[in-house]
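The values are calculated or read from the model by the stated rules, or taken from the named source; none is laboratory data. For clarity, every value in this text was computed on a predicted model and none was experimentally measured. We place every Cβ from the backbone using ideal geometry, glycine too, and count neighbours over all the protein chains shown.
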Amino acid sequence: MNDTGPPLLLVVSGMSGSGKSVALHTFEDLDFYCVDNLPPELLPNFIDSVAREHGAPQRLAVGIDVRNRQSNLTNIPEWLSAVGALGLDPKLVFFDTRDEVLLKRYADTRRRHPLSQRGLALGDAIALERQILKPLRALADVIIDTSDLNVHQLRRRMRYELDLERELPLSLLFESFAYRRGIPADADFLFDARMLPNPHWDARLRPLSGRDTGVREYLEAQPEVNEYLQQITGLLDTWLPRMHSSTRSYVTVAFGCTGGRHRSVYLAEKLAEHAREMGWPDVSTYHRELE
C-alpha cells in the first residue's frame with residue numbers, strides 16, 4: 001500500500017462471529033486508526049473529527065454491522081460516496097462464514113448473538129442477520145470467508161486480500177497438529193514426527209506438552225530427535241529465503257504426531273526459536289490441539 005496516495009478507509013462489516021473483531025485488531029497492529037460500531041451516517045463527521053485531532057491519518061478502519069439500524073445500513077452507498085468526496089479511498093470489506101460454522105462458534109464461546117434479544121433462536125437470528133446484511137455483501141470490494149481459517153490464517157489472508165503484505169516481511173507460522181484429526185489444509189511444509197520417541201509413554205510426561213521443560217529435556221536427550229531437527233533446519237534455512245524472494249506473504253510449517261501434544265509441539269517451538277535467531281521478524285506458533 002502506498003501511503004503517498006489518498007487516505008484509505010476500510011469499512012469492516014460481516015456476519016457476527018465471522019472474525020470482524022480479529023480484523024479490527026489486526027488493522028490496529030498495522031497502524032490503522034480504528035473504531036467499532038460507528039453509525040454509518042456519522043462517517044463524514046468522524047473523518048473530519050479525526051483529521052482535526054490527529055492530522056489526517058492515512059489509514060482508518062471502521063466496524064459497521066447488524067447492531068446498526070437497518071435503515072442506516074441501506075444508506076451505506078450514500079455515506080461511502082460522501083467519504084470519497086472528502087478525498088479518501090473507501091473500501092468495504094465483508095467477512096462471511098458458513099452457517100454451520102457460526103453455530104459451532106457460538107456454542108463453543110457461549111456468547112449471545114446480537115439479534116437474540118428479539119427472542120429468536122440462534123439459527124433464526126443468523127438467518128435474519130444474513131438477510132439484513134445481504135445488500136452490504138453485494139457492495140463489498142473484498143469478501144473474506146473465514147469458515148476454515150484460524151486466527152493466524154485470517155490475519156495472513158487479510159494482508160493478502162487487501163494488498164497489505166508488500167510492506168511487511170515474510171510471515172512464518174510453525175504449527176503442530178495430531179494426524180488423527182487431519183492434516184492442516186494450509187501447510188506449505190509438512191513434517192511427520194510419529195517415528196520419533198514418544199513422551200506419551202512416560203507417565204510423568206503424559207499430562208505435559210512440548211512446551212514444558214520435562215518434555216523438552218526428554219526429547220533433547222534423544223539422538224534421533226536432534227538428527228531430525230538438524231536436517232529440517234537445514235532444509236528450511238535453504239528454502240525459506242527463496243520463498244521470500246518470490247513475493248510470498250506467508251509460509252506455514254506444520255509438524256504432526258499422534259496426539260499433537262508432545263513431539264509436534266516441541267518441534268514447532270524449536271523451529272520458531274531458530275527462525276527468530278536467524279532474524280525472521282514475524283514468527284508465530286499455533287498448536288491446534290492445545291488451543
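Could you please find all residues in region 21-73 being closer than 14 Å to L86 by Cα, part of a helix (DSSP H, G or I) and either in contact with a strand residue (DSSP E or B) (Cβ under 8 Å, 6 or more places away or on another chain) or at pLDDT 85 or above (or both)? Those that are closer than 14 Å to L86 by Cα, part of a helix (DSSP H, G or I) and either in contact with a strand residue (DSSP E or B) (Cβ under 8 Å, 6 or more places away or on another chain) or at pLDDT 85 or above (or both): L43, F46, I47, V50. Just one of the numbered conditions (1) under 20 Å from the mean Cα position of the chain (by Cα); (2) not polar (S, T, N, Q); (3) not assigned by TED's automatic domain parsing to the domain that holds L24 is not true of V215: (1). If you check R180 against the conditions, is it under 13 Å from the mean Cα position of the chain (by Cα) and assigned to a helix (DSSP H, G or I)? Taking the combined requirement at face value, the residue does not satisfy it.
Based on what the data block shows, is F177 touching a Lys or Arg at 6+ places or on another chain (Cβ under 6 Å) and within 25 Å of R157 (Cβ to Cβ)? Judged against the criteria, F177 is a match.
For region 117-133, the set of residues classified as of a type in the set (A, V, I, L, M) and in contact with a Pro (Cβ under 9 Å, 6 or more places away or on another chain) consists of A125 only.
Among the residues in region 98-115, are any touching a Phe, Trp or Tyr at 6+ places or on another chain (Cβ under 8 Å), closer than 16 Å to G14 by Cα, among the basic types (K, R) and at pLDDT 90 or above? So far as region 98-115 goes, no, none of its residues is touching a Phe, Trp or Tyr at 6+ places or on another chain (Cβ under 8 Å), closer than 16 Å to G14 by Cα, among the basic types (K, R) and at pLDDT 90 or above.
Within 20 Å of the chain's Cα centre (by Cα) and buried (at least 18 other Cβ atoms within 10 Å of the Cβ), is that true of F191? Against the criterion (within 20 Å of the chain's Cα centre (by Cα) and buried (at least 18 other Cβ atoms within 10 Å of the Cβ)), F191 does not qualify. All conditions in (1) loosely packed, with under 13 Cβ neighbours inside 10 Å; (2) under 24 Å from the mean Cα position of the chain (by Cα) hold for R204, with the sole exception of (2). Scanning region 160-174 for residues that are modelled with pLDDT of 80 or more, over 12 Å from D282 (Cα atoms) and surrounded by 17 or more Cβ atoms within 10 Å (Cβ to Cβ) returns a single hit, L162. Among the residues of region 115-139, those that are in a helix (DSSP H, G or I), of a type in the set (A, V, I, L, M) and touching a helix residue (DSSP H, G or I) at 6+ places or on another chain (Cβ under 9 Å) comprise L122, A125, I126, A127, L128, I132, L133, L136, L139.
The residues in region 100-122 that are surrounded by 14 or more Cβ atoms within 10 Å (Cβ to Cβ) and farther than 21 Å from D186 by Cβ can be counted, and the count is 8. With respect to the conditions (1) modelled with pLDDT of 95 or more; (2) polar (S, T, N, Q); (3) surrounded by fewer than 22 Cβ atoms within 10 Å (Cβ to Cβ), S249 falls short on a single one, namely (1).
Set side by side, the residues D124, D89, D96 differ, and just one is assigned by TED's automatic domain parsing to the domain that holds E161, touching a strand residue (DSSP E or B) at 6+ places or on another chain (Cβ under 9 Å) and under 27 Å from S147 (Cβ atoms), which is D96.
Against the definition (crowded, with 22+ Cβ neighbours inside 10 Å, hydrophobic (A, V, I, L, M, F, W, C), closer than 30 Å to L149 by Cβ and in contact with a Gly (Cβ under 6 Å, 6 or more places away or on another chain)), how does V265 come out, yes or no? Yes: the conditions hold for V265. Among the residues making up region 217-227, those that are touching a helix residue (DSSP H, G or I) at 6+ places or on another chain (Cβ under 8 Å) and surrounded by fewer than 19 Cβ atoms within 10 Å (Cβ to Cβ) are E220, N226.
Here D163 meets the list (1) in the same structural domain as L240 (by TED's automatic domain parsing); (2) of a type in the set (D, E); (3) in contact (Cβ under 8 Å) with a residue 24 or more places away in the chain almost entirely, failing just condition (1).
Only one entry of L271, L290 meets the criterion of being at pLDDT below 95 and among the hydrophobic types (A, V, I, L, M, F, W, C), and that entry is L290. Residue pairs, Cβ under 8 Å, 6 or more apart or interchain, first in region 197-210 and among the acidic types (D, E), second surrounded by 14 or more Cβ atoms within 10 Å (Cβ to Cβ). List them. Here the result reads D202/Y218, each pair linking region 197-210 to a residue that is surrounded by 14 or more Cβ atoms within 10 Å (Cβ to Cβ).
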